[in-house]
Amino acid sequence: MRRIEIDDEVYSHLEARVQGFEQPNDVLRRLLLTPGTVTKSVSPSAGRQPMSSIPGALAELIAKGPVKPGDALAHVQARKGRSFTAVVEADGWIKTDLDRYKDPSPALGKLVGTAIDGWANWTHQPSGKTLRQLRAESGGAGRGGR
């Protein structure tokens, strides 16, 4: 992950555009990476990768086999009577009704409206296991493992 420095005025601008529990990076992603703008405005020859070439957090599970592109993820909040779904994409990203996400936690957090551990709370529908269980069984540690 790369880090950038921004001045207070720009940071205030980002804070003013936060929706729900978004982090500043989420605001930038939403504002700058609307569908179709990345590949048109940034060329690979400029030394940057198009977003589609950055693997998502589930890419390792796809490579090791327990997860396949097109697999469904689900989270149920039984007491609230709500359920949420997502689909694993070929590049390891997670597609929800709202957007594409590189990591499971922001994907689920955006849907439920609060910070939540996506590795522990997304259930991989074909196996019935959480992403954390699949990652542990495949020998992956990565971020968010507890």
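The values are calculated or read from the model by the stated rules, or taken from the named source; none is laboratory data. Predicted, not measured: the structure shown is a model, and the values here were computed from it. Note: ideal-geometry Cβ built from the backbone for every residue, glycine included; neighbour counts use all protein chains shown. Surface areas here come from the heavy atoms of the whole protein model, side chains and all, with no ligands, DNA or RNA. Shrake-Rupley method; radii C 1.70, N 1.55, O 1.52, S 1.80 Å.
Give the residues of segment 23-54 that are in a loop (DSSP other than H, G, I, E, B), modelled with pLDDT under 80, open to solvent by 60 Å² or more (accessible area, probe 1.4 Å) and not hydrophobic (A, V, I, L, M, F, W, C), sorted by residue number.
Those that are in a loop (DSSP other than H, G, I, E, B), modelled with pLDDT under 80, open to solvent by 60 Å² or more (accessible area, probe 1.4 Å) and not hydrophobic (A, V, I, L, M, F, W, C): 35, 47, 48, 49.
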Quiz prompt | So residue 72, is it over 24 Å from residue 33 (Cα atoms), open to solvent by 20 Å² or more (accessible area, probe 1.4 Å) and modelled with pLDDT under 95 | solution = no
Quiz item: Of these, 108, 73, which one is under 15 Å from the mean Cα position of the chain (by Cα), part of a strand (DSSP E or B) and of a type outside the set (Lys, Arg)?
Solution: 73
Practice problem: Please work out which one of (1) buried (at least 16 other Cβ atoms within 10 Å of the Cβ); (2) modelled with pLDDT under 95; (3) more than 22 Å from residue 20 (Cα to Cα) is the condition residue 133 fails and give its number. | Solution: (2)
Exercise. Might you let me know whether segment 115-122 holds any residue that is within 22 Å of residue 18 (Cβ to Cβ), among the β-branched types (Val, Ile, Thr) and either in contact with a helix residue (DSSP H, G or I) (Cβ under 9 Å, 6 or more places away or on another chain) or not in a helix (DSSP H, G or I) (or both)?
Key: yes
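Looking at residue 20, is it at pLDDT below 80 and either touching a Gly at 6+ places or on another chain (Cβ under 6 Å) or of a type in the set (D, E, K, R) (or both)?
It is true that residue 20 is at pLDDT below 80 and either touching a Gly at 6+ places or on another chain (Cβ under 6 Å) or of a type in the set (D, E, K, R) (or both).
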